[in-house]
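Quick notes on the structure that follows.
The values are calculated or read from the model by the stated rules, or taken from the named source; none is laboratory data. What you see is a predicted model; the values in this text were computed from it and never measured. Note that we place each Cβ from the backbone using ideal geometry, even for glycine, and neighbour counts take in every protein chain shown. Only protein heavy atoms, including side chains, enter the accessible area calculation; ligands, DNA and RNA are left aside. Shrake-Rupley method; radii C 1.70, N 1.55, O 1.52, S 1.80 Å.
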Amino acid sequence: MAFVQFSKVSLAFGDRDILKDVTINLQTGSKVALTGANGAGKSTLIKVLAGLVQPDSGTRAVQKDSRIAYLPQSGLTHHGCSLREEADKAFEFGYEMQRQIDQLGEQMAAAPENTNLAVRQADLIQALEESGWHRREAAAESVLLGLGFSRSDFDKRTEEFSGGWQMRIALAKALMQNPDILLLDEPTNYLDIEARNWLEGFLKDFRGGFLLVSHDRYFLDVTINEVYELFNGDLKRYPGNFTHYEKVREVELKTLIAEYEQQQQEINKLEEFINRFGAKATKAAQAQEYQKRLEKMVRIEIPESLKKIHFSFPPAPHAGRLVYRMNGICKSYDGSHNVLDNLDLTLENGDRLVVAGRNGAGKSTLLRIIAEQDSNFTGQVIPGAGVKIGYFSQDNAETIKGKQTILEYLEGEAPLELIPKLRDMLGAFLFRGDDVYKSLDVLSGGEKARIALLQLLLSPVNLLVLDEPTNHLDIHSKDVLLDALKGFGGTVVFVSHDRGFIEQLATRVLELTPGHFRVFPGNYQFYMEQIAKEEGESLPLSTAGKPSSATPSSGGQAPRNAPQSAGSNASSTGKLSYEEQKRLEADRRKAEKLVARIEGEIEALEAKKSELEARMADSAVYSNGEKAKAVQRELDEIASQIEAKTAEWEAASEALM
């Protein structure tokens with residue numbers, strides 16, 4: 001059983017506490033998400049776990065011979081060899097073990113009577129076999145193909161790959177090491193949806209333990225079973241998937257929110273009094289007393305994810321039912337190979353069309369044509385009457401420059417009625433506090449992309465064309481954008497690699513493969529089910545209503561209004577009888593009681609686990625092999641019970657949906 005554990009670890013940068021007496025235990029089988037607001041210190045915590053940053057105080061213990069693999073958010077590049085050779089570097093641990101085995105063999109030949117050498121060599125041989133090192137070539141090929149590389153890439157020089165693909169190489173190397181503990185800081189940032197799906201499967205089957213940061217709620221829900229939240233330097237554990245964490249956290253913090261609002265009212269009253277009467281001699285003493293109260297007050301802070309920010313688009317200009325038509329569109333970059341080949345597409349008012357397909361299938365090319373950014377194609381495009389297009393891509397960021405502050409720039413772009421809401425909107429897009437006064441010239445590419453997206457959302461348009469709008473957004477920002485797009489009065493065509501975002505927004509799917517296209521009615525879940533049927537696989541159905549098995553057309557439009565399955569217990573009249581209603585209500589009450597009981601049992605087990613982790617962190621325990629093994633056995637048993645109870649909770653919760 002491998003583990004990495006902290007005990008009362010603290011770290012400060014200047015006068016800011018990043019970690020305050022943090023305790024955490026990662027072990028074989030851990031499937032952990034680390035969450036917290038931007039700037040909370042998540043990346044720093046991962047670096048401390050990886051041993052790259054030393055804490056100010058506390059202890060860090062690592063099981064002997066445990067292998068830890070760490071992937072940062074960005075910044076890794078590779079050069080000087082082929083992709084195949086770079087991948088092989090991930091297996092250096094095995095080469096080192098083989099060298100030790102060979103050295104022990106030489107020592108045994110010189111001293112055959114030394115049985116300790118034979119035991120050590122046998123242990124190393126077994127460890128090397130269990131590591132999968134002898135199957136490294138097959139493992140490397142599987143990981144590289146799963147992350148989107150082609151076999152033709154294997155002999156390319158690594159310096160030929162772009163920044164996003166450089167990070168895929170780094171991710172591939174981390175996974176190939178088959179480590180005991182895997183630390184991944186936003187591993188999905190540079191992955192398309194196919195690669196994300198593959199990574200989900202890898203992590204589900206991964207035998208070691210992992211901790212990851214991601215802004216993709218769907219990805220987290222299907223890969224992890226516990227969440228650690230970092231907030232104001234404190235770290236707290238929540239069992240269950242990410243959606244469960246959000247529900248529990250929201251309920252848990254209702255009291256804090258009420259206290260926050262009450263404190264804000266008191267602060268406003270005190271500040272108003274000081275501003276009104278601070279200069280008056282008769283009130284000056286009282287104003288000074290109020291000022292002292294303000295300075296001594298311990299301010300309550302609320303995580304940004306709980307500050308519900310909503311905004312809506314300006315009213316979409318009127319457009320007819322037919323918004324956009326494309327007939328026989330062909331597009332080639334090399335004169336011989338068509339990226340888009342004889343594509344037909346009709347957009348109707350209110351459509352939310354997601355364009356799906358692997359990298360290189362022509363998704364961004366199609367969006368540029370619709371947005372009138374690319375006229376070098378053959379075929380016919382027919383915009384509908386009154387159509388006004390708004391287009392977003394990562395390239396939009398290149399046009400944002402100058403000495404203006406972010407706030408000044410957007411105030412010049414926004415309709416008058418939206419100017420009072422700009423600060424909240426900027427906060428929703430991760431520009432908080434004094435960030436709004438940054439000069440455009442000092443912004444990073446990701447910050448400029450968020451400004452470009454927000455700029456687009458201020459414009460009155462009726463056809464939005466969005467190429468990867470969720471890049472550089474956290475989960476809360478995606479939710480704000482998603483709510484705004486759901487309420488948008490026009491039509492949306494978009495590309496995204498965020499599965500949850502797609503499933504919440506898309507009403508139709510256009511699938512692009514090299515030289516071919518298909519249009520699927522219904523949501524993205526239906527599309528995935530159809531693909532799974534074609535591949536002879538089966539995917540679990542979501543709890544949402546599912547379209548029936550209408551068959552997509554083989555090169556053009558599928559039926560727009562495919563019949564929907566009933567998906568309910570309603571009779572043919574659509575109404576429930578009195579008896580049926582009573583039965584359903586009774587079943588629901590039983591399910592609610594069961595969920596509450598299981599949650600209580602999980603809390604009791606969590607308390608026991610925390611107690612055991614505290615014992616394990618005691619130097620008198622972890623420095624004593626027998627005591628440590630005994631406590632670890634109890635921890636393993638508790639972890640198994642928690643996992644079983646969590647599975648029970650998830651099954652019982654399904655009945656309430």
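Computed from backbone phi, the HN-Hα couplings of region 627-635 come to 4, 4, 5, 5, 5, 5, 4, 5, 4 Hz, rounded to whole numbers (Karplus: 6.51 cos²θ - 1.76 cosθ + 1.60, θ = phi - 60°; Gly and Pro given as x). Counting only the Cα atoms, region 106-260 fills a convex hull of 189 Å³ per residue.
Please compute the per residue accessible area over region 1-159 with all protein chains in place, 1.4 Å probe, rounded to a whole number of Å². Write down the numbers at each step before the final one.
Working: 8310 Å² over 159 residues.
Here the residues of region 1-159 average 52 Å² of exposed surface.
Under the simplified labelling scheme, the Gln286-Tyr333 pair shows an inter-label distance of 7.2 nm, with each label point 7 Å from Cα along Cα→Cβ. With all pairs of separate Cα atoms included, region 435-496 yields a Kirkwood hydrodynamic radius of 12.7 Å. Within straight-line reach of Lys292, meaning a Cα separation under 18 Å, sit the following lysines at least 8 residues removed in sequence or on another chain: Lys269, Lys280, Lys283.
The share of accessible area on the chain that comes from carbon and sulfur is 49 percent, using a 1.4 angstrom probe.
Extension gain for Asp102 to Glu535 (0.36 nm times residue separation, less C-alpha to C-alpha distance): 151.2 nm. Treating each Cα of the chain as one equal point scatterer and applying the Debye formula with no solvent, the log10 of I(q)/I(0) at q = 0.06, 0.08 Å⁻¹ comes out as -0.43, -0.75. Taken one residue at a time, the phi angles of region 149-159 give Karplus couplings (6.51, -1.76, 1.60, θ = phi - 60°) of 6, 9, 4, 5, 7, 4, 9, 6, 5, 5, 5 Hz. Gly and Pro are set to x. The alpha carbons of region 297-407 give a radius of gyration and a Dmax of 19.8, 71 Å, in that order. With a simple spin-label model that places each label point 7 Å from the Cα along the Cα-to-Cβ direction, the separation between Ala604 and Val442 comes to 5.6 nm. Most simply put, the chain has about 55% antiparallel DSSP beta bridges, counting only bridges with both residues inside it. Say a paramagnetic label sat at a point 7 Å from the Cα of Thr513, along Cα to Cβ; which residues of region 359-386 have their backbone N under 16 Å from it? Backbone N within reach: 359-363. Could you tell me whether region 408-474 comes out rounded, prolate or oblate from its Cα gyration tensor? Rule is a ≥ b ≥ c as square roots of the eigenvalues, rounded for a/c under 1.5, then prolate if a/b exceeds b/c, otherwise oblate. It comes out oblate by the Cα gyration axes. Within region 212-263, all pairs of alpha-carbon atoms sorted by distance into 5 Å bins from zero give the percentages 5, 18, 24, 24, 15, 9, 5, 1. Summarising the amide proton neighbourhood of Ser332: residues at separation of 5 or more, or on other chains, whose placed amide H is nearer than 5 Å comprise Val339. Taking the helices alone, the chain has a mean residue ellipticity at 222 nm of -13500 deg cm²/dmol, built from -39,500 (n - 2.57) per DSSP H run of at least 4 residues and averaged over all its residues. In a fully extended conformation the segment linking Lys593 and Ser10 would gain 205.9 nm over its present Cα-Cα distance, using 0.36 nm per residue. Stretching Ala127 away from Lys627 to a fully extended chain increases their span by 177.5 nm, per 0.36 nm per residue minus the current alpha-carbon distance. Amide H contacts for Tyr324 (H built 1.01 Å from N in the peptide plane; partners 5 or more residues away or on another chain; cut-off under 5 Å): Leu347, Gly384. With the cut-off at 22 Å, tell me which of the pairs Lys8/Lys627; Lys590/Lys645; Lys236/Lys296; Lys401/Lys438; Lys31/Lys593; Lys173/Lys204 have Cα atoms farther apart than that. Pairs exceeding the cut-off: Lys236/Lys296; Lys31/Lys593.
Per-residue Karplus couplings for region 33-39, computed as 6.51 cos²θ - 1.76 cosθ + 1.60 with θ equal to phi - 60°, are listed in order as 9, 9, 10, x, 5, 4, x Hz, Gly and Pro entered as x.
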